Amino acid sequence: MNKRIVALFLLISVLFLTGCTQNNTGKTSQTDPFIGGTNGLVISFQKDAPPAEVFDSRNFPFDVEVKLKNDGETDIKKEDVVVKISGVSPADFGLSDADFVKSPTEDLSATKKDAQGTVIEGVETTVNFPNFLYQGKVAGNSQFPIWAKVCYKYGTITISQLCIKENLLSSDDKICKVTEKKTDFNSGAPVSIIEFEESARGKDKLGFTFKIQHKVKGDIYKQGTKCASDRVNENKVWVNVDTGISGLECAGLSEGTATSGYVVLFEGEKVIRCTQQVTSTTDYVKQVRIDLTYDYLDDISTNVLVKPIV
């Protein structure tokens, strides 16, 4: 190879590496600790439970079996899950109202990422509703809807970072920058936090805002209500903000403290504004954690065709 070409190649390589070194300001990069996503419990019917077709006149007993998999990153206790069948009259199928409401027999641990980054799948279980048996006679083929509604307690963890400085108005950003949009990481859940942004409010006071967002299928209710269909419980999320520094106040939270309480989502969203007093003799990056807790309602449906015995 021509010596001039080799020398030119080496010079370009040195310049490239030098440029990379000069661009390194010493700022720490963040690694997402979560798997993420918008799933909580994933629900489905087991195959042929219910079957697509049955017969009338007590001639075809069948089960309805609801499969639950915790595909998000919050553990769920069995007593915090309620599965309810609807769409048909229990009496028409030889059952009672109590037969249509059940909870799983085991806790549903979350899907998680271990220290090596390997994804460990969440627990999968089933809730069985046995002994469906159509009691009467139908005048020709008749289709009935089968709905499974699942209410469960769930949560979201969000991690971001604040830039803390001896003087928050300082333009020195070698360690971190105060006024900017920050990266936020959400655990896998149907409710998430987006648009985390920090700003300086003075040399010893900063502010940050974030938006709570729910954009997937399902309904949110106040925690502990078992998804009771009362308007006062709808779209309510419990919020807890923790910077680990005293002097934090967040506006718009009710029934709690200066840093925790309920908010109501309007059209699936709510912006929260917080103010943090800062007294520091050095510049550093500080993690902020936000926890959201709520009851969540999701459902699936299918149809069963009841045929007459000829």
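The values are calculated or read from the model by the stated rules, or taken from the named source; none is laboratory data. Everything quoted here is computed from the prediction, not taken from an experiment. As a convention, Cβ positions derive from the backbone with ideal geometry for all residues, glycine included, and neighbour counts pool all protein chains shown.
Only one of the numbered conditions (1) exposed (fewer than 14 other Cβ atoms within 10 Å of the Cβ); (2) under 21 Å from the mean Cα position of the chain (by Cα); (3) on the phi > 0 side of the Ramachandran plot; (4) not basic (Lys, Arg) is violated by Cys227, and that is (1). Cβ-Cβ below 6 Å, separation at least six or inter-chain, first residue in the stretch 280-294 and in the same structural domain as Cys163 (by TED's automatic domain parsing) and among the aliphatic types (A, V, I, L, M), second surrounded by 14 or more Cβ atoms within 10 Å (Cβ to Cβ) and not in a strand (DSSP E or B): which pairs? Going by the 6 Å Cβ cut-off, the qualifying pairs are Val285/Cys176; Val288/Thr243; Leu292/Val191. Consider Pro104 carefully, then state whether it is touching a strand residue (DSSP E or B) at 6+ places or on another chain (Cβ under 8 Å), crowded, with 17+ Cβ neighbours inside 10 Å and free of Cβ contacts under 8 Å to residues at least 60 places away in the same chain. Yes: the conditions hold for Pro104. Residue count for the stretch 205-262 satisfying the condition of being β-branched (Val, Ile, Thr), out of contact with any Leu (no Cβ under 7 Å at 6 or more places or on another chain) and touching a residue at least 60 places away in the same chain (Cβ under 8 Å): 4. The single condition among (1) at pLDDT 95 or above; (2) under 23 Å from Leu248 (Cα atoms) that Gly202 does not satisfy is (1). Counting only strands (runs of 3 or more DSSP E) that sit wholly inside the stretch 259-310, those with at least 1 residues that are more than 18 Å from the chain's Cα centre (by Cα) and over 28 Å from Cys151 (Cβ atoms) are 269-277, 284-307. Tallying residues that are in contact with a Lys or Arg (Cβ under 7 Å, 6 or more places away or on another chain) and crowded, with 16+ Cβ neighbours inside 10 Å within the stretch 252-269 yields 2.
Table: residues versus (1) touching a Phe, Trp or Tyr at 6+ places or on another chain (Cβ under 9 Å); (2) under 27 Å from Lys217 (Cβ atoms); (3) at pLDDT below 95; (4) buried (at least 19 other Cβ atoms within 10 Å of the Cβ).
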residue	(1), (2), (3), (4)
Ala110	no, yes, no, yes
Val119	no, yes, yes, no
Ala139	no, no, yes, no
Glu197	yes, no, no, no
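Checked against the criteria, Val288 counts as surrounded by 13 or more Cβ atoms within 10 Å (Cβ to Cβ), modelled with pLDDT of 95 or more and in contact with a Leu (Cβ under 9 Å, 6 or more places away or on another chain).
When the strands (runs of 3 or more DSSP E) confined to the stretch 143-237 are screened for residues that are aliphatic (A, V, I, L, M), those reaching at least 2 such residues are found at 192-202, 205-213.
Which one of Ile245, Ile300 is more than 30 Å from Ser89 (Cα to Cα) and surrounded by 15 or more Cβ atoms within 10 Å (Cβ to Cβ)? Show your work before the answer.
Values: Ile300 fails: more than 30 Å from Ser89 (Cα to Cα).
Of the residues listed, the single one that is more than 30 Å from Ser89 (Cα to Cα) and surrounded by 15 or more Cβ atoms within 10 Å (Cβ to Cβ) is Ile245.
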